[in-house]
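Visitor: I am attaching a structure below and will ask some questions about it afterwards.
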């Protein structure tokens, strides 16, 4: 597990601020259980951590923040918990949309619309439409999202184009598939953070994270505060991103 150092001045090394940070927000249930609280309390506390992280991202100069809020696999959880998570998303949009808009946050939803209630879809669409011109931070909320399903959908769209003659087989390249993904308008993440000590991707942005730096933290998500992204950026600046090539000193 990575031990993070105390952050130095971010302004001095602002050129190495990651443009896009993705976060797997893990540990809500364990946070609640450790305090003798129901799991629902952990999810509610996790929303406060989201608010802190959005504010910190703007202050730190991060341009894109993607949070994994509900996966396609989460439907297998107990019905009561799924219903609570859906309600939590409703309350988050209703209570926070005005402030997010005021602070220049652009909201972008990522994920499938199937199985999501119509009223919640309408709220998501409203949030995206209202904030579409904002530039301080793009907050991408991966909700009802699965990386494998996204890649399969993109592959089907290319296959259909080849089958009806709109595309040649040799034109099916990595770039073509990337352009068919739901994230085609977004830069790939530079840094992935996962909390709670787990070290796996859990079907999150499988294509887009190909060259991201990974950082796995012991902190449970509800305890995530501004100090964590600050120290994560300190760790990120110490990494040598080679993209399969050599370091500058050995090139």
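The values are calculated or read from the model by the stated rules, or taken from the named source; none is laboratory data. Note that the structure is predicted; figures quoted are calculated from it, not measured. For neighbour counting, all protein chains shown are included, and Cβ atoms are generated from backbone atoms with ideal geometry for every residue, glycine included.
Visitor: Among 90, 55, 51, which is in a helix (DSSP H, G or I), farther than 22 Å from residue 194 by Cβ, modelled with pLDDT of 95 or more and out of contact with any strand residue (DSSP E or B) (no Cβ under 9 Å at 6 or more places or on another chain)?
Guide: Sole residue among the options that is in a helix (DSSP H, G or I), farther than 22 Å from residue 194 by Cβ, modelled with pLDDT of 95 or more and out of contact with any strand residue (DSSP E or B) (no Cβ under 9 Å at 6 or more places or on another chain): 90.
Visitor: Here is a follow-up. I need the full set of residues from segment 209-242 which are assigned to a loop (DSSP other than H, G, I, E, B) and either under 20 Å from residue 55 (Cβ atoms) or in contact with a helix residue (DSSP H, G or I) (Cβ under 8 Å, 6 or more places away or on another chain) (or both), in order please.
Guide: 217, 219, 220, 224, 225, 226
Visitor: Moving on. Quick one: which residue in 159, 154, 212, 219 is surrounded by fewer than 18 Cβ atoms within 10 Å (Cβ to Cβ) and either over 17 Å from the mean Cα position of the chain (by Cα) or at pLDDT 95 or above (or both)?
Guide: 159
Visitor: Now for a separate question. Among the residues that make up segment 134-143, is at least one of them in a strand (DSSP E or B), free of Cβ contacts under 8 Å to residues at least 60 places away in the same chain and touching a strand residue (DSSP E or B) at 6+ places or on another chain (Cβ under 7 Å)?
Guide: No, segment 134-143 contains no residue that is in a strand (DSSP E or B), free of Cβ contacts under 8 Å to residues at least 60 places away in the same chain and touching a strand residue (DSSP E or B) at 6+ places or on another chain (Cβ under 7 Å).
Visitor: Would you call residue 166 within 21 Å of the chain's Cα centre (by Cα) and either farther than 23 Å from residue 22 by Cα or in a helix (DSSP H, G or I) (or both)?
Guide: Criteria not met by residue 166.
Visitor: Look through 4, 65 and report the one residue that is touching a helix residue (DSSP H, G or I) at 6+ places or on another chain (Cβ under 8 Å) and at pLDDT 95 or above.
Guide: Every option except 65 fails the conditions.
Visitor: From 181, 192, 205, grab the single residue that is surrounded by 14 or more Cβ atoms within 10 Å (Cβ to Cβ), closer than 27 Å to residue 32 by Cβ, modelled with pLDDT of 95 or more and touching a helix residue (DSSP H, G or I) at 6+ places or on another chain (Cβ under 7 Å).
Guide: 205
Residues are listed down the side, and each one gets a yes or a no for (1) within 18 Å of residue 25 (Cβ to Cβ); (2) surrounded by fewer than 17 Cβ atoms within 10 Å (Cβ to Cβ); (3) in contact (Cβ under 8 Å) with a residue 60 or more places away in the chain:
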position	(1), (2), (3)
48	yes, yes, yes
73	yes, yes, yes
77	yes, yes, no
82	yes, yes, no
98	no, yes, no
112	no, yes, no
